[in-house]
1. Given (1) within 10 Å of the chain's Cα centre (by Cα); (2) modelled with pLDDT under 95, identify the lone condition not met by residue 66.
2. Step by step: first the residues of region 65-82, then only those that are part of a loop (DSSP other than H, G, I, E, B) and touching a helix residue (DSSP H, G or I) at 6+ places or on another chain (Cβ under 7 Å), then the one that is surrounded by the most Cβ atoms within 10 Å (Cβ to Cβ). Which residue is that?
3. Mind checking which residues of region 40-67 are of a type outside the set (A, V, I, L, M, F, W, C) and touching a Lys or Arg at 6+ places or on another chain (Cβ under 9 Å)?
Amino acid sequence: MDWTAYVKACYQPTMKLNEYRGRQGWSYSELARQVGAPHATVARRWCLPRGHKDRLIPNENYMDKIILLTNGEVMPNDFYIRHD
């Protein structure tokens, strides 16, 4: 079975965090403030593309805050599954 094709067929992409941030007109500092992150650099690293050496995935605590902040428009899978 081709799992990549299966996941793409089942997965309904929502939105990447950086897209949400841009749509809101927020800086990385504002995004960090909204979720209680200690610094804008943390939020910026969450927004980096897959494969970037500095990219971070939010921990469970921040992931919950991101889901609530975005009303589910950004979900955990958006950090793991390619959108292209």
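1. The failed condition is (2).
2. Per the criteria, the residue is 74.
3. Answer for region 40-67, where residues must be of a type outside the set (A, V, I, L, M, F, W, C) and touching a Lys or Arg at 6+ places or on another chain (Cβ under 9 Å): 45, 49, 50, 52, 54, 55, 58.
Yes/no per residue for (1) within 18 Å of residue 70 (Cβ to Cβ); (2) under 15 Å from the mean Cα position of the chain (by Cα); (3) modelled with pLDDT of 90 or more:
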position: 2; (1), (2), (3): no, no, no
position: 6; (1), (2), (3): no, no, no
position: 9; (1), (2), (3): no, no, no
position: 23; (1), (2), (3): yes, yes, yes
position: 28; (1), (2), (3): yes, yes, yes
position: 35; (1), (2), (3): yes, yes, yes
position: 43; (1), (2), (3): yes, yes, yes
position: 51; (1), (2), (3): no, yes, no
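The values are calculated or read from the model by the stated rules, or taken from the named source; none is laboratory data. All values reported here derive from a predicted model rather than from experimental measurement. Here the Cβ is made from the backbone with ideal geometry for all residues, glycine too, and neighbour counts use every protein chain on show.
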